[in-house]
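Heads up, the thing below is written out as structure tokens.
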Amino acid sequence: MITKFIKRILRRDPMVKHTQANNTGAPKRIPKKAHRIDPHLLSKNAVKVTHTLQQAGYEAFIVGGAVRDLALGIGPKDFDVATNATPDQVQRLFRKARLIGRRFQIVHVTFFGKGHPEIIEVSTFRALLDNAGDHVAESGRILRDNVWGSQGEDAARRDFTINAMYYDPSSETVLDYHGGMADMQKKTLRMIGDPAKRYREDPVRMLRAVRFAAKTGFELDSATRAPIAKLGKLLNDVPSARLFDEILKLLMSGYSWAAIQGLKDAGLHHGLLPLLDHILDKGEDSKGANDFVKLALANTDDRIQSGKSVSAGFLFATLLWPDLLKNWKANSAKGMANIPALHDAMDGTIATQSSGMTIQRRFESDMREIWSMQPRFERRVGRYPYRLIESPRFRAGYDFMLLRCATGELNPAIGQWWTDFIAAEPTGQDELMASVKNELGNSQSPAKRRRRRKPKSAVPPESAAS
Ligand code: ATP
Ligand code: MG
């Protein structure tokens, strides 16, 4: 009798402890001919993970952003799997599986192939939490949510309807709990549940709304957009590391310029990055700065959309460059020598960022390297160019310098010279060096030439302007 009872319980709920079901009806089952997901866009490893879990008797689906992207016909950049197996149960099924996180305990299953290793993130269906108990802060913000739930509950705690679809590669069926597919057709981004409540639970969802709108080109549904104006200030309570991660995702989305405009339209840019306030609020006053940043972001978007890598350090170096340039010039005007003026300006620029979201240390050193390399591109004498080309971050510094040329801040002939110098054989490089000597010889008076030979470290920023 008791064993029968236990068996029944186990059968009903074999893997996870469920909480009370919560406004979670049956999903719509969408067959292949309706969703038209191309199986070639699937990651083989993600399919391996769902198969392994299913063969062990669990439910397993590709979920979230990957299904959204697949339905849009875009190859997802990463794949998440959702299952009713607990993290421990998942871990036992895979050789290279690691449990991570506390707030969201998940399992990373790693596959080593030809290129980079691929990590498939496997999470257990989670429950919806109500506003009671120690999971929720006074503001309504969710602090921890490791309570397992049914698939329907897992769907309801996701953010947007288009992010809450589950795809089973075996049956090629999409399970859609919140009308995500219909919203995809209407090109609408709609928050699941009561938007204001969902933003209070997690204010970062407001930034996500802007990011996904920029990425998909979809419109925010009016009820999803409306509370943002009033609730935007809740972003101040979000830990800065999390905010930073989200802003980084936004900048690296491949649609960063559109996303930044979206932040401005939603009134969300204040206090996220002082530089955004700077660029977006000043309009025509900062046109030059705006041009530089716009070009840098367009360049980043292009790289990301064509599958190239982008370093966050590089990106932040570009975003902060106009501010740095202003500080550098101000220091030079005060009579500081060129290189100390640059280094002092770098400290100043980085310090102003710490009033909002702090830029993490690992990016800071990249930024400093890229910046401090800039005057060195103008020192095309003696052994300097040969040494510069060997520095480990040369490529980033060079790409950065080309951006400066493209906006006319630096003479484009210098950029071209370096492009030729990189491509040239040693004899060609020597000829290029000689050409600089001639150029300087022709264009400078003897007095100026004498001054250049002094061990002065570089050209002041004023002369950098074309
Ligand atoms: P991307 O293409 O940028 O990775 P994504 O939709 O996959 O987009 P992730 O941050 O990787 O975004 O999150 C995966 C999924 O987890 C989302 O699609 C969504 O279902 C859910 N999710 C993530 N963050 C939140 C959040 N703050 N609130 C609710 N659900 C979330
Ligand atoms: Mg994702």
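The values are calculated or read from the model by the stated rules, or taken from the named source; none is laboratory data. Bear in mind the structure is a predicted one, so any value in this text is a computation, not a measurement. So basically every Cβ, Gly included, is an ideal-geometry build from the backbone, and we count neighbours across all protein chains shown. Surface accessibility is based on the protein's heavy atoms, side chains included, excluding ligands, DNA and RNA. Shrake-Rupley method; radii C 1.70, N 1.55, O 1.52, S 1.80 Å.
Some observations on this one:
- Whether the range 293-386 is rounded, prolate or oblate, judged on the alpha carbon gyration tensor where a/c under 1.5 counts as rounded: oblate
- Straight-line cross-link partners of residue 326 among the aspartates and glutamates, defined as a Cα under 14 Å from its Cα and at least 8 positions apart when in the same chain: 285, 344, 347, 409, 462.
- Between residue 344 and residue 29, the simple label model (points 7 Å from Cα in the Cβ direction) yields a spacing of 7.3 nm.
- Two-site FRET efficiency, residue 56 against residue 249, from Cβ-Cβ distance with R₀ of 35 Å, rounded to 0.05: 0.60
- For residue 171 and residue 92, a Förster radius of 22 Å and the Cβ-Cβ distance give a FRET efficiency of 0.30, rounded to the nearest 0.05.
- Directionally averaged shadow of the range 284-440, computed from the convex hull of its alpha-carbon atoms, nm²: 10.7
- Relative contact order, whole percent, for the range 362-418 stands at 30, derived from Cα pairs under 8 Å and 6 or more residues apart.
- Restriction of the trypsin sites (Lys or Arg not before Pro) in the range 192-263 to DSSP coil positions whose beta-carbon has at most 12 other beta-carbons within 10 angstrom yields no sites.
- Taking 0.36 nm per residue of sequence separation and removing the Cα-Cα distance, the residue 197/residue 423 pair yields an extension gain of 75.6 nm.
- FRET efficiency for residue 222 and residue 265, using Cβ-Cβ distance with R0 set to 22 Å, rounded to 0.05: 0.95
- Accessible area in square angstrom per residue, the range 284-440, 1.4 angstrom probe: 47
- Straightening the chain between residue 72 and residue 383 buys 106.7 nm, computed as 0.36 nm per residue apart minus the Cα-Cα spacing.
- Residue-level accessible surface for residue 96, protein heavy atoms, 1.4 Å, Å²: 110
- Candidate aspartates and glutamates for bridging to residue 96, where Cα separation is under 14 Å - those fewer than 8 sequence places away on the same chain excluded: 88, 118, 121
- Residue-normalised accessible area of the range 138-245, expressed per residue, 1.4 Å probe, Å²: 38
- Difference of contour (0.36 nm per residue) and Cα-Cα distance, residue 182 to residue 372: 63.2 nm
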